[in-house]
Every structure is written in C-alpha cells, then in structure tokens.
C-alpha cells in the first residue's frame, strides 16, 4: 500500500502582499509564492491574485512530486472582523473596498477543495502554537504588528473566538481610529520616560 501524504495550502492575505504556502502535515514548506495584493486595482484583482498564488503553489508542488490530490484544503488568514463560518470578511481596514466580501464563495469555483477563512492574527497564533514559539504549550497570546495591529489567542490548544467575533460577525467592538487617537494616544504618549 502506498503511503499518502497530507498537505494543505495556507494563504496570508495582507494589505501589501499575499503569501501562499503548500505545507505538509508535519509543517514542512513544500512550495511558496509571494506577490503584491494589488488592492489599488480593486477587489476583483486582489481575489485574482489569491487564485493565481494558490494555483502557483499547487503547480510547484506537482513539480516537486506532491500530488494535488493530497491537498486537503485551503486556509486563508484574512484581516478585519470576519465571519469564518460564513466565509465573509466584513471589513478589511487595511484593504480598500473590502466590505462584506464573501471571499470563500468567490474562491469556491476555482478550487475543488474545502476553503476556510480565519482572522489573520488567529491563524498566526495557531501557526506559532503548532510549529513555532508556542509549541508544547496549551495556551498562548500572540500580537501581530504590521499594517494593522491584531491579536490571536489559543486556549487549551484551540483558537479562541470569543462570544461573537468571527462566529456571529459582530462589528460592535471596533473603535474608530479617530476615537482611538483622541482617547488612547494622548494617555499613552503623555507619559515621559526620565
């Protein structure tokens, strides 16, 4: 009996770049693609960039001897408040025009794979828990600092989504930047180190 390898595709949808990996079940990177998000050309162009990137790693994987039939699914780490169960990015503050984008639905016709959507900070926390600095711990908190600021929490080896974020798609917890800058920044920056 021939041993079947298990592989997944992971997509990091960032404001500036899309990074896509084909990863084996033991965490080995089989293939990688990186390209500009091109959000200034519209939502459709960015979605096209995701499709091209994922198909590129599938092709690289095939050339490296990894059958596309061994790929179990495609996971996307996306920005903003989103509904992972519904496959919708409600708003991507760092990608213009992304409001109530049904990303999973947009991609389903392109791939014969299950497609999953998760908040990018949660996906990063899960990655660190699985193979990185959080390996071997049950609980961790990860902060992401990039074009935006985010955080992911792992509790007892599972991503913590809270009472409403991701599952209900709530947007009620957001501070506007203007409100945040008027109420929080002055308190942070008014303290001087001596």
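Looking only at the stretch 39-69, filter to residues that are in a loop (DSSP other than H, G, I, E, B) and touching a strand residue (DSSP E or B) at 6+ places or on another chain (Cβ under 7 Å); which one of those is farthest from residue 102 (Cα to Cα)?
64
Being in a strand (DSSP E or B) and under 19 Å from residue 45 (Cβ atoms) is the filter here; which residues of the stretch 89-109 pass it?
If the condition is that a residue be in a strand (DSSP E or B) and under 19 Å from residue 45 (Cβ atoms), then 89, 91, 99, 100, 101 are the ones that fit.
Starting from residues that are out of contact with any strand residue (DSSP E or B) (no Cβ under 8 Å at 6 or more places or on another chain) and at pLDDT 90 or above, keep the ones in the stretch 139-182 and report whichever is farthest from residue 117 (Cα to Cα).
156
Quick one: which of 34, 5 is touching a strand residue (DSSP E or B) at 6+ places or on another chain (Cβ under 7 Å) and assigned to a loop (DSSP other than H, G, I, E, B)?
5
If we keep just the residues of the stretch 27-50 that are buried (at least 16 other Cβ atoms within 10 Å of the Cβ) and within 24 Å of residue 6 (Cβ to Cβ), which is nearest to the chain's Cα centre (by Cα)?
In this case the residue turns out to be 50.
When you go through 136, 86 one by one, which is the residue that is outside any strand (DSSP E or B), at positive phi and at pLDDT 90 or above?
So the residue among 136, 86 that is outside any strand (DSSP E or B), at positive phi and at pLDDT 90 or above is 136.
Taking the options 21, 72, name whichever one is surrounded by 15 or more Cβ atoms within 10 Å (Cβ to Cβ), part of a strand (DSSP E or B) and modelled with pLDDT of 95 or more.
Just a single option satisfies the conditions, and that option is 21.
The values are calculated or read from the model by the stated rules, or taken from the named source; none is laboratory data. Note that the structure is a prediction, hence the values are computed from the model and not measured. Glycine also receives a Cβ, built like all others from the backbone with ideal geometry; neighbour counts cover every protein chain displayed.
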